[in-house]
1. Could you tell me what % of all Cα pairs in the stretch A:156-269 have separations over 23 Å?
2. Which GluC sites (Glu not before Pro) in the stretch B:184-260 sit in a loop by DSSP (not H, G, I, E or B) and have at most 12 other Cβ atoms within 10 Å of their own Cβ?
3. May I ask you to derive the FRET efficiency for residue B:239 and residue A:186 from their Cβ-Cβ distance with R0 = 30 Å, giving the value to the nearest 0.05?
4. For each of B:101, A:46, B:15, B:91, count neighbouring Cβ atoms within 10 Å of the residue's Cβ, then give the residues from fewest to most.
5. Alpha carbons only, please: Rg and Dmax for the stretch B:77-201, in angstrom.
6. Where a ≥ b ≥ c are the square roots of the eigenvalues of the C-alpha gyration tensor, would you call the stretch B:10-258 rounded, which needs a/c under 1.5, or, failing that, prolate if a/b is larger than b/c, or oblate?
7. Once you place label points 7 Å from the Cα toward the Cβ at residue A:77 and residue A:232, how far apart are they in nm?
8. Long-range amide H contacts for residue A:161: which residues qualify at under 5 Å (H placed 1.01 Å from N, peptide plane, sequence gap of 5 or more or a different chain)?
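What follows draws every value from the coordinates through simple rules; no lab data is involved. Just so it is clear, the structure is predicted and the values come from calculations on it, not from any experiment. Don't worry about glycine lacking a Cβ; one is built from the backbone with ideal geometry, like all the others, and counts go over all protein chains shown.
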Amino acid sequence: MKIFNKEHTLPQRDSKSINEQIPDGMWIACPICHQSIYRNELGTLKVCPECKYGFRLKARNRLALLTTNFTEINKDIMVEKTDFPGYADKLQRAKTTTQLNESVLTGIAIIDEQKVALGIMDSYFIMGSLGAKTGAKIAKLFDIATEQHLPVILFTASGGARMQEGINSLMQMAKVSAAIARHSEAGLLYISVLTDPTTGGVMASFAMQADIIVAEPHALIGFAGRRVIEQTLHEKLPADFQRAELLQTSGFLDAIIQRPELPTKLALLVRLNEVK
Amino acid sequence: MKIFKKELSPEQIVKLARVDRFTAQQLIDGIVDDFFELHGDRQNNDDCAIIGGLGYLAGRPVTVIAIDKGITFQEKVQKHNGSPLPSGYRKAQRLMQQAAKFNRPIITLINTPGAYPGKEAEELGQGQAIAESILQSMSLTVPIIAIIYGEGGSGGALALATADQVWMFEHSTYSVLSPEGFAAILWKDASRSDEAAQLLGLTPAELLNKGIIEKIVPEHKKVERLFEWLKQALVTELAQLMEQSSQELVENRRERFCKF
């Protein structure tokens with residue numbers, strides 16, 4: 001029977017489709033522990049009561065959980081090049097769904113009395129992919145933080161490079177890195193918060209370049225996609241592969257912080273790193 | 001462009017870029033004298049997909065870091081067909097820091113389909129290794145010139161191409177993803193790779209136009225002529241870059257990437 005051929009691990013389900021079901025169904029299944037959860041039980045935090053997995057959030061919803069004191073910056077930073085077939089429509093749809101002008105929301109925020117430059121990526125905006133404007137907004141955030149001597153907190157959520165923008169998307173990894181290098185040389189703190197999912201070019205650049213790297217429980221974090229690796233190796237990967245817990249064990253994360261505790265813990269980290 | 005004998009289509013260039021026309025060792029020997037290879041990442045491994053070492057470029061000591069695909073079956077297996085492991089990038093970082101210490105320019109030679117996508121590579125921090133290479137290159141106080149001599153695939157190539165100048169061989173490619181991967185993601189159909197190759201804009205001519213690269217290295221049937229051209233170009237450009245102060249170098253390199 002088929003059931004005996006499977007590995008001892010739980011089968012992976014596509015967390016994207018489950019996340020998209022949230023508004024409709026009364027009951028939803030957690031993509032990590034597969035527990036059925038009554039929708040009201042998830043609350044505004046959208047955290048699985050069983051395994052503490054944080055369901056994917058839109059940037060504006062996440063912002064509401066962090067602070068009420070936020071000034072958005074650089075709303076229109078550059079002109080988009082949308083000559084790729086079908087790209088302009090895709091962008092327009094993403095903008096309407098997320099109420100954002102790009103896959104990242106940037107601004108100056110006060111979180112638990114700490115003034116920070118805050119960036120939040122949105123996986124509902126073309127999978128949080130890294131376009132030229134995304135890169136420009138994040139680089140600008142670091143530049144402003146350098147000028148105003150502010151720490152940067154960046155929530156990452158991305159599938160990686162934006163295919164429709166080709167090589168320019170790849171160059172964003174270097175562009176943001178340049179801004180981070182300047183910010184770092186000014187002796188300022190950068191904390192990245194890796195949320196589900198942080199993969200590809202974003203993981204292989206600014207997500208991993210922070211002074212302190214934290215993640216939400218069970219967040220998918222990796223460079224190469226699961227399917228690509230399975231095709232290369234011709235073997236099934238375990239369920240916890242590329243999850244935050246495994247990354248912490250292998251030494252790539254400073255801490256895993258549950259969603260309700262993020263504002264206070266992040267503010268504490270900012271205070272602890274203040275240069276007197 | 002006129003200088004080329006025959007205009008090739010993007011998909012033809014993709015095919016040519018994947019032919020093993022040069023090994024890294026051959027290129028290194030063609031450019032520098034007295035090459036001395038330095039092994040290991042000083043942590044736990046020596047990734048043979050990356051060959052690093054020292055040599056004289058027309059009398060000036062330089063650090064060379066090259067990705068090699070290998071020729072024989074056994075080499076290809078060991079080098080993962082030019083897909084570096086995290087330890088490969090960490091070896092490169094070590095050699096870059098060493099070059100900065102001794103004020104030696106760095107030449108990187110790139111030919112990779114991308115960083116190796118394996119279970120262990122992920123667990124050992126493939127993404128972190130690439131991220132660190134890019135970040136360190138942004139603060140290096142010596143000139144870096146990157147030369148793509150075959151495939152320049154994705155973040156795995158960018159990790160060694162965060163440079164003051166990026167050059168490409170006439171029959172080479174540089175792209176965000178392979179045409180196959182690109183077609184698989186966008187259209188869920190890897191067989192439409194020829195179409196993808198046209199859309200990706202991965203040819204040297206297109207990339208030169210966009211300002212992503214600075215030079216196209218003309219290829220000759222006689223490799224000696226190619227090496228001679230390359231050596232001469234490197235000597236000239238490095239001499240100019242060495243005239244800049246280390247602060248200017250770093251600022252200009254960051255500025256180079258800020259325009260994209």
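1. Numbers: 2243 of 6441 pairs.
Above the 23 Å cut-off, the stretch A:156-269 has 35 percent of its Cα pairs.
2. Values: sites: B:195, B:206, B:214, B:219, B:224, B:228, B:237, B:243, B:248, B:251, B:255; in loops: B:214, B:219, B:243.
In loop regions of the stretch B:184-260 (DSSP not H, G, I, E or B), the sparsely surrounded GluC sites (Glu not before Pro) are B:243.
3. On the way: r = 33 Å, r/R0 = 1.08.
Step by step, r from the Cβ atoms, then E = 0.40.
4. Lowest to highest Cβ neighbour count: B:101, B:15, A:46, B:91.
5. When restricted to the Cα atoms of the stretch B:77-201, Rg and Dmax are 15.2, 49 Å.
6. Numbers: a/c = 1.39, a/b = 1.23, b/c = 1.13.
Cα axes put the stretch B:10-258 in the rounded bin.
7. 3.0 nm
8. A:130, A:201, A:202
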